[in-house]
Amino acid sequence: MVDSRPRRRSDVSVRDVEGDTVVLDRAAERIHRLNSTAGFIWQRCDGRRTVGDIAEELAGAFDVAPGAANEAVVAAIRQLDELGLLDHTLG
Amino acid sequence: MQILTLSVLDRGIRVGCQEPRSLALVSAAYGPMRGDLVETSLDYVVGRDIAPAAFFVKRVGRELRTAADDATFLGLLDEEVVVELQKLRPDLYFIHAAVLERADAAVMLVAQSGGGKSTLCWALLHHGFRYLSDELGPVDLQTVHVYPFPRALALKTEPPVAYPLPPSTVRTSRTRHVTEADIPGGIIRGRTRISAIFFLRYDAQAPAPSVRRLTAGEAAARLYENALNPLAHAGDGLDGAIRIVSHACCYALTTADLSATCALLTGTLERSL
C-alpha cells in the first residue's frame, strides 16, 4: 500500500472553502466535503507521489508521528477510493 | 372564465379558471401572489376535466395535463410554475427551502420534501417570524438576497395541537393551505438579505432538538444538494452555493418536539445576530 501511487480524478469540480475541500462529482451526481486532512491527502494524490510520500508530507504539515500519519493516509485513501474520487483502484 | 393575475419574481402569471372549484383552489393557494400584470410571462387555463373528479392545467400553446384530484391539481400547477420560473429567471439560484424573516434578515429552512420545512415554518410564524415562502428560496447571487415566493403555506399533515390550523384553512384530499389572512405576522413582499440557513433533519427518536454549526464547506455541499437549478450557473453552480453560505451562519438542526425546536432555533439566531 505505501508504494502505491493513487491519482485523484480530474473530471470533478473542486473548490477550497475555508479549509474544507468541496468536490462535485457530476458523473455520479454526488457532492463531497473533505475536511482539512482528507483534502490535504486528496490534493496530493497526483499519480506520482506514493502513499508513503503523502504520509511523510502529512506528518510534516500537521506535526503528527510518522506511524499515525501513515495510518491516516491509508484510511483516507481507502475512503476516497470507496467514494469513487480516485482513478487508481487499490488492490 | 375568471382570470387571476399573479406577480412573482418580477414576472406575471395569468391563470384563467373555468369553474368555481378550480378558482377557489387557485385563489387559496396563490392568493398572496395576486398583483397587477405588467406583462404576462406565463398564461394558464385551469378547470375540471371531462371526468367528474378530475382537473386540468393547460399552459397556452402547450399540451393539457390532467390531475385525478384537487391535491394533485395544485401540485401540478405548482410544479409548472416553479419549473417555468426557473427558466424565466435563470439568474436566480433556486433552493428548495422555506424562508422566514426576522429582524430584517432572512432565515432559510432547507430540507427535502417531507423534511418538516412547512410544519416548522408554520410554528415559527407564531414566534415573531414573518413569511416569505414554505417551498422555494430564489436567491440573487449578486446581493445574496432571497425573493419571496409567497404561495399559501401548505401542510401535508395536521400540525401539533400547540399550533392549530385556523378554521378558514383550505383543505384538499391531501393538503392544507393556510390563506394569506391567517399567516401570523403577515407576508414579506420584498427581497431580504440572508442571515442564517438551517438544514433540517427530523428524528422521531430524539429526546430533544439539537443544533450544530456547520463549516462553510459542509454547508455548501448540503445547499448544493437542495439547489434546483445549479447547472444554470457558473462552475456547475458550486460557486453559487459557496457564495450563499459564505454570507450566512449555517447550522444542522435535528428537529424533535416542535415548541422546543422553535425555542432552540430562535435562541441560536439571537446568539448569532
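Details
- A helix-only calculation puts the protein assembly as shown at -9500 deg cm²/dmol for mean residue ellipticity at 222 nm, using -39500 (n - 2.57) for each DSSP H run of at least four residues, averaged over all residues.
- Mean projection area, nm², convex hull over Cα of region B:1-110: 8.0 nm²
- Net charge of neighbours whose Cβ lies under 15 Å from the Cβ of residue B:117, counting Lys and Arg as +1 and Asp and Glu as -1: +1
- Inter-label distance, nm, simple model (7 Å from Cα along the C-beta direction), residue B:225/residue B:104: 3.5 nm
- Compactness of region B:31-168 as Cα Rg over 2.2 N^0.38 Å, two decimals: 1.16
- Rounded to 5, percent antiparallel among DSSP beta bridges of the protein assembly as shown: 75 percent
- Cβ-Cβ FRET estimate between residue B:19 and residue B:69, R0 fixed at 22 Å, reported to 0.05: 0.90
- Taking the convex hull of Cα positions in the protein assembly as shown, its mean projected area over all directions (nm²): 21.7 nm²
- The alpha-carbon atoms of chain A define a convex hull whose volume equals 81 cubic angstrom per residue.
- Length-normalised contact order of chain B in % [C-alpha pairs under 8 Å, at least 6 apart]: 17 percent
- When both region B:119-143 and region B:57-101 are represented by their alpha-carbon centers, they are found 18 Å apart.
- Report note on the peptides B:96-106, B:162-172, B:1-11: ranked by the mean count of other C-beta atoms within 10 Å, highest first, their order is B:96-106, B:1-11, B:162-172.
- Label-point separation in nm, residue B:243 to residue B:210, each point 7 Å along Cα→Cβ: 3.5 nm
- Here is the tail figure for chain B: Cα pairs spaced more than 25 Å apart come to 45 percent of all pairs.
- Of the beta bridges in region B:2-88, as assigned by DSSP with both residues counted there, near 75 percent are antiparallel.
Taken together, the values in this text are just the output of simple stated rules run on the coordinates, not laboratory data. Fair warning: this is a prediction, and the values are worked out from it, not measured in the lab. Using ideal geometry, Cβ is built from the backbone for each residue, glycine included, and neighbour counts are taken over all protein chains shown.
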